[in-house]
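The values are calculated or read from the model by the stated rules, or taken from the named source; none is laboratory data. Keep in mind the model is a prediction, meaning the values are calculated, not measured. Glycine also receives a Cβ, built like all others from the backbone with ideal geometry; neighbour counts cover every protein chain displayed. Just so you know, the surface numbers come from the protein's heavy atoms only, side chains and all, with ligands and any DNA or RNA stripped out. Shrake-Rupley method; radii C 1.70, N 1.55, O 1.52, S 1.80 Å.
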Amino acid sequence: MDLKEKIVSSYVAFEDGVNINSDIHEIRTEAFQNFEKLGFPSKKLEAWKYTSLNSILKEDYSIFPDKEKSITLAEVKKYFIHDIDTYKIVFIDGKYSSFLSETTHDNIDVCLMSSALSKKKYKLVIENYFNKIAKQDNLTSLNTAFSKEGAYIHIPKNTEVEKPIQIINFTTGEESATMLQPRNLIVADKNAHVQIIERHQSLTSNAALTNVVTEIFADRHSTVDLYKIQNDNIAASLVDNTFVEQQSNSVVSVHTFSFGGNITRNNLNFFQKGEHIDSILKGITIIEGKQHVDHHTLVHHIEPNCESHQDYKGIYDERSTGVFNGKVIVEKEAQKTNAYQKNNNILMNNKSTINAKPQLEIFADDVKCSHGCTIGQLDEQALFYMQQRGIPKKEAKALLMYAFANTVLESVKVPEVKERIMKLIATKLKVNIGFNI
Amino acid sequence: MSKYTEDDLREELETKEYEYGFYTDIESETFAKGLNEDVVRAISKKKNEPEWMTEWRLKAFEVWSKMEEPEWANVTYKKPEFQEIAYYSAPKQKPKLNSIDEVDPDLLATFEKLGISLEEQKRLANVAVDIVVDSVSVATTFKKTLGEKGIIFMPISEAIQEHPELVRKHLGTVVPPSDNFYAALNSAVFSDGSFCYIPKGVKCPMELSTYFRINEGGTGQFERTLVVADEGSFVSYLEGCTAPSRDENQLHAAVVELIAMDDAEIKYSTVQNWFPGNSEGKGGVYNFVTKRGLCETNAKISWTQVETGSAITWKYPSCILKGNNSVGEFYSIAVTNNFQQADTGTKMIHLGKNTKSTIISKGISAGKSQNSYRGLVQISSRAENARNFSQCDSLLMGNKCGAHTFPYIEVKNKSAQVEHEATTSKIGEDQLFYCNQRGIDTEKAIALIVNGFSKEVLNKLPMEFAVEAQKLLEISLEGSVG
């Protein structure tokens with residue numbers, strides 16, 4: 001039985017565990033029918049031209065992991081940003097772990113999607129925001145159909161959250177192959193400010209497939225910073241679907257650090273629904289082996305006087321493949337738009353591949369839009385210069401790569417996250433440089 | 001550069017709608033509408049083609065009938081009804097023409113209106129013209145001069161008779177009949193086109209030029225061009241197009257194949273001005289063209305195009321850089337106005353070592369038109385030290401039009417250097433103000449700025465074409481101010 005059939009036939013079992021007489025379930029059912037019709041994406045679809053899911057869809061995933069495993073903090077501490085105080089929403093095999101989490105209802109809501117979907121208190125927010133901007137495409141529909149658990153974050157107006165929020169999904173590998181479908185909702189009201197760190201981590205080498213959907217709503221004058229740390233082990237694959245809707249004067253930035261995993265696909269969509277909005281999309285990808293990372297971004301400029309900044313850097317070694325597919329749409333009303341898109345790549349090996357497709361679709365005339373895409377090597381002269389001065393080749397190369405990635409790093413606002421990323425890059429480049437940038 | 005003054009332009013803008021929208025009443029021999037195996041056979045028979053050619057066409061037809069019309073391009077249109085087109089139309093003429101006097105006077109008048117008077121061409125311009133009216137070449141000039149150098153330049157139908165070995169060897173090697181829907185269609189039913197062969201080490205002494213026209217109402221034009229430049233040779237080839245006004249959409253599905261052998265260079269320039277439809281978007285030509293060149297070692301192919309016409313343009317002149325050190329270039333200006341839609345660009349396939357390619361694409365959209373750049377740069381894993389530079393600039397006039405960029409970059413070699421830049425902007429208020437201050441009115445100022453914007457590409461055109469192209473740009477943007 002292929003995965004689609006398996007998923008379709010397990011929907012009835014899923015319905016046993018949820019309230020099927022709610023409005024939410026109507027949304028689920030509709031999404032389920034949509035997935036049933038569309039199935040998994042194939043390479044024939046333009047959006048999936050360079051990424052094939054076939055190899056990971058063959059696994060016999062358990063869709064509702066029922067074996068529970070408790071894990072101790074000591075085992076997983078290293079996956080947290082643990083040197084600062086943070087709120088934490090932790091899931092183990094898709095189930096909430098109250099032991100590892102630190103949630104709150106004190107003015108702000110940092111809690112669970114399952115309670116938000118069922119409790120009356122949240123009804124209005126859920127009605128207004130749930131599944132409002134998520135696309136009706138194959139994998140998002142699949143997630144919506146099975147949406148039940150995930151992180152729910154609601155920051156009321158004029159509130160600055162004093163510490164970052166971490167969302168971590170662990171896969172224990174108790175089952176031979178696990179499929180998870182977390183569903184997150186983040187709502188920042190007027191003039192609210194929040195920083196969020198998101199991570200998916202598999203703890204064994206058993207196969208894992210995560211199909212996550214995150215919806216972010218940023219109201220006027222709010223700021224949302226989201227850091228996605230993707231350094232999973234090689235048997236884990238991730239399809240990340242993030243949808244952001246911004247109102248006037250809001251600033252939303254999403255940083256994606258892709259260092260691990262088997263196949264990683266990041267669908268990042270921004271919809272600008274007001275004026276003077278700034279959208280920031282940045283990413284660093286450093287992969288090797290047979291890893292595959294696909295960044296698929298969309299920025300939809302609908303109203304005038306907005307900006308968007310995209311900056312994606314990639315370093316690809318061995319047989320790895322990188323894909324960058326960035327699309328900027330500027331509607332005819334969106335005059336005075338400034339949209340910038342940059343994608344720089346370094347190939348370290350002749351077996352590695354980069355496929356880039358930076359697209360612009362522009363319907364307004366008074367705009368400044370540009371995209372740049374380069375593929376090249378490290379500067380031989382700069383390398384030589386450093387070697388002359390006694391810096392070994394490996395370190396010199398690493399230094400250059402740090403410099404290459406630094407335009408993305410410098411906009412990370414949480415110092416501990418930045419430090420963690422620096423360390424991860426050092427591990428990835430297999431060097432130990434005792435310096436701080 | 002041009003003697004053409006601004007006053008001329010104004011006069012022209014006021015008086016003309018589509019300058020070349022006239023219809024010459026020449027008694028044409030046209031096949032009944034529709035396409036099947038018999039029609040393909042009949043075309044082949046009509047052309048008195050050898051058996052292998054008929055087979056080749058039939059094979060292409062078989063492939064075509066199994067294919068589906070592509071839909072991926074960023075254009076919307078009513079699909080042509082392929083069974084409603086007459087696939088062969090030739091002016092009824094005496095079989096052989098030795099001098100220009102024998103040409104039908106009506107035809108000559110047509111050329112006169114097109115501004116390519118044969119006499120004048122013969123006397124003044126150093127251009128050999130292979131004129132094609134509704135698919136059949138009527139006169140080939142300068143054949144003698146070229147003949148002395150061993151250069152073959154003739155209609156492809158004649159080449160099939162006279163040089164079957166050359167045609168058979170090269171036809172379909174760069175664009176195989178199975179390549180795409182329109183290439184297959186063209187392979188099955190092409191009526192005529194040009195064939196050009198430059199022998200080893202010969203530098204073609206003059207620009208070779210073909211003027212195409214669609215004449216007979218309701219007939220499609222299926223041109224086939226094959227240019228072969230043998231080792232160390234050079235040729236510059238010009239192609240220009242105009243078509244009469246028509247209400248129904250006309251289909252143009254041409255195939256151009258270029259083969260540049262070791263150390264050879266081919267420069268291929270196009271000015272395309274098919275009827276774009278009227279200001280309501282009615283009528284106009286569908287231009288679905290497959291153009292591709294193959295570069296052997298040290299060879300160079302350079303495509304230059306100025307696209308101002310057609311209701312729909314769907315065209316990607318490409319280079320396969322097969323040999324080491326080969327070079328591909330693509331310079332393009334695409335102007336769309338009113339309801340025109342253009343989806344154009346290039347493919348640079350780097351296979352050999354040290355291959356280089358340059359892409360400069362300028363898109364100008366006005367009115368309610370849509371202008372897309374779609375390009376592919378592919379560096380294979382064996383293409384060491386490949387280098388590509390791409391630049392796509394778009395200029396928008398008004399907020400009813402759209403400019404789109406769809407570049408595909410696929411790199412499999414670490415020593416590759418690929419750069420892609422794209423910008424979109426409008427004509428700056430300050431630029432216009434500067435011109436106005438100096439007494440240049442807005443319409444002329446725009447023409448001036450557009451010319452500056454397109455200069456990088458216009459400079460690559462041969463002189464005569466550059467003048468014509470400049471003129472075309474101005475006419476195409478008529479009334480787009482404001």
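Given (1) more than 24 Å from the chain's Cα centre (by Cα); (2) in a loop (DSSP other than H, G, I, E, B), identify the lone condition not met by A:I81. Tallying (1) more than 24 Å from the chain's Cα centre (by Cα); (2) in a loop (DSSP other than H, G, I, E, B), A:I81 fails exactly one: (1).
What about A:K393, is it open to solvent by 30 Å² or more (accessible area, probe 1.4 Å) and closer than 30 Å to A:Y79 by Cβ?
No.
Selection of the stretch B:387-397 for residues being within 7 Å of chain A (Cβ to nearest Cβ) and more than 18 Å from A:I329 (Cβ to Cβ) yields only B:M397.
Here no helices (runs of 4 or more DSSP H) wholly within the stretch B:151-215 include at least 3 residues being in contact with a Pro (Cβ under 6 Å, 6 or more places away or on another chain) and among the β-branched types (V, I, T).
Taken as a whole, the condition of being away from chain B (no Cβ under 11 Å) and modelled with pLDDT of 90 or more does not apply to A:Q341.
Among the residues of the stretch A:84-119, those identified as of a type in the set (D, E, K, R), crowded, with 18+ Cβ neighbours inside 10 Å and in a strand (DSSP E or B) are A:K88, A:D109.
When you go through A:N350, A:N355 one by one, which is the residue that is within 7 Å of chain B (Cβ to nearest Cβ) and either open to solvent by 30 Å² or more (accessible area, probe 1.4 Å) or not in a strand (DSSP E or B) (or both)? Walk me through it before giving the result.
On the way: A:N355 fails: either open to solvent by 30 Å² or more (accessible area, probe 1.4 Å) or not in a strand (DSSP E or B) (or both).
Within the list A:N350, A:N355, the selection yields A:N350.
Within the stretch A:177-198, the set of residues being modelled with pLDDT of 95 or more and assigned to a strand (DSSP E or B) comprises A:R183, A:N184, A:L185, A:I186, A:V187, A:A188, A:H193, A:V194, A:Q195, A:I196, A:I197, A:E198.
Can you go through A:E59, A:E46, A:E68 and tell me which one is touching an Asp or Glu at 6+ places or on another chain (Cβ under 9 Å) and either within 26 Å of A:Y122 (Cα to Cα) or among the charged types (D, E, K, R) (or both)?
Working: A:E59 fails: touching an Asp or Glu at 6+ places or on another chain (Cβ under 9 Å); A:E46 fails: touching an Asp or Glu at 6+ places or on another chain (Cβ under 9 Å).
A:E68 is the lone residue from the list that is touching an Asp or Glu at 6+ places or on another chain (Cβ under 9 Å) and either within 26 Å of A:Y122 (Cα to Cα) or among the charged types (D, E, K, R) (or both).
So, A:K282, is that one of a type in the set (D, E, K, R), assigned to a strand (DSSP E or B), farther than 23 Å from B:D393 by Cβ and more than 13 Å from chain B (Cβ to nearest Cβ) or not? Against the criterion (of a type in the set (D, E, K, R), assigned to a strand (DSSP E or B), farther than 23 Å from B:D393 by Cβ and more than 13 Å from chain B (Cβ to nearest Cβ)), A:K282 qualifies. One residue stands out among those in the stretch B:347-379 that are under 18 Å from the mean Cα position of the chain (by Cα) and among the charged types (D, E, K, R): the one that is most open to solvent (accessible area, probe 1.4 Å), which is B:K347.
Checked against the criterion of being away from chain B (no Cβ under 13 Å), open to solvent by 10 Å² or more (accessible area, probe 1.4 Å) and touching a residue at least 40 places away in the same chain (Cβ under 8 Å), the candidates A:H309, A:H292, A:H300 yield just one match: A:H292. Taking the condition in contact (Cβ under 8 Å) with a residue 40 or more places away in the chain, within 10 Å of chain A (Cβ to nearest Cβ) and either under 30 Å from B:M206 (Cα atoms) or not basic (K, R) (or both), does B:L458 pass? So B:L458 does not fit the description; no. Across the stretch A:365-386, not a single residue is classified as surrounded by fewer than 23 Cβ atoms within 10 Å (Cβ to Cβ) and under 20 Å from the mean Cα position of the chain (by Cα). Taken over the stretch A:1-21, residues that are open to solvent by less than 30 Å² (accessible area, probe 1.4 Å) and either more than 15 Å from A:F64 (Cα to Cα) or within 25 Å of the chain's Cα centre (by Cα) (or both) amount to 2.
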